[in-house]
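**Q** I'd like to ask you about the structure that follows.
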Amino acid sequence: MSEIVAVRVVPFAPNEYTPADKTGPALFTWQQYYSFRNEIVEALRRYGTVGPMGVMPILEEWELADSAWQAGDPKPKFFVVSDMWSDRSRWSRVEADPWAINLEALFDLLAIARRWPDWCVYLALVQGGLMILADRILFEGDLFAGSSSVEDLAQRCALTKPIQLID
């Protein structure tokens with residue numbers, strides 16, 4: 001775990017992340033994309049509901065897998081985008097409120113990124129975004145400005161939690 005804690009946390013910059021070339025042959029199969037997405041879905045289930053779709057069965061034919069795909073939670077805490085945008089962009093987008101993300105969730109997503117070199121989990125967190133790669137987390141937005149550690153990112157997410165008034 002200390003290896004993950006030592007990951008670089010830096011502002012998003014073009015020299016830190018180069019988008020995939022949109023031309024040329026496919027870089028991965030639909031099975032690889034959905035295997036990556038499935039790991040994200042499984043990891044986030046430990047922290048709340050996930051949807052709109054659940055884990056994609058990895059079958060030989062797309063049509064069989066798609067027809068066997070079970071829905072996730074219709075009102076998820078973590079909205080994991082279901083579509084594979086292209087066969088050249090190795091990333092998956094997750095939309096959530098910032099307070100849904102804690103240190104353990106960041107560690108889990110970092111571990112997935114480490115198992116999938118050159119892939120990325122993008123957390124769209126309303127007030128900012130986190131691009132989680134195998135060796136670094138890139139941040140954007142006012143919420144994360146000046147962050148320098150994974151712990152700092154998690155703390156800033158926790159501080160956004162709405163105050164619940166007692167009646």
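The values are calculated or read from the model by the stated rules, or taken from the named source; none is laboratory data. A quick note: this is a predicted structure, and the numbers were derived from the prediction, not measured. All Cβ positions, even for glycine, are placed from backbone atoms using ideal geometry, and neighbour counts span all protein chains on display.
**Q** Among the residues of segment 111-163, which ones are small (Gly, Ala, Ser), more than 14 Å from Ala6 (Cα to Cα), modelled with pLDDT of 95 or more and in a helix (DSSP H, G or I)?
**A** Result: Ala113, Ala154.
**Q** Let me ask something else. Which members of segment 68-90 meet the condition of being in contact (Cβ under 8 Å) with a residue 12 or more places away in the chain and under 30 Å from Thr23 (Cα atoms)?
**A** Filtering segment 68-90 for residues in contact (Cβ under 8 Å) with a residue 12 or more places away in the chain gives 69-82, 84, 86-90.
Across segment 68-90, the qualifying residues are Trp69, Phe79, Val80, Val81, Ser82, Met84, Ser86, Asp87, Arg88, Ser89, Arg90.
**Q** Provide a single number: the residues in segment 111-123 that are aliphatic (A, V, I, L, M) and touching a Leu at 6+ places or on another chain (Cβ under 9 Å).
**A** The qualifying residues number 3.
**Q** Restricting attention to segment 88-110, which residues are part of a loop (DSSP other than H, G, I, E, B) and among the hydroxyl-bearing types (Ser, Thr, Tyr)?
**A** Ser89
**Q** In addition: Give the number of residues within segment 62-87 that are modelled with pLDDT under 95 and either over 29 Å from Leu138 (Cα atoms) or touching a Lys or Arg at 6+ places or on another chain (Cβ under 6 Å) (or both).
**A** Of the residues in segment 62-87, 11 are modelled with pLDDT under 95 and either over 29 Å from Leu138 (Cα atoms) or touching a Lys or Arg at 6+ places or on another chain (Cβ under 6 Å) (or both).
**Q** In addition: Looking at this structure, is Leu59 under 17 Å from Val9 (Cβ atoms) and either modelled with pLDDT under 95 or not acidic (Asp, Glu) (or both)?
**A** On the way: under 17 Å from Val9 (Cβ atoms): no; either modelled with pLDDT under 95 or not acidic (Asp, Glu) (or both): yes.
In short, no.
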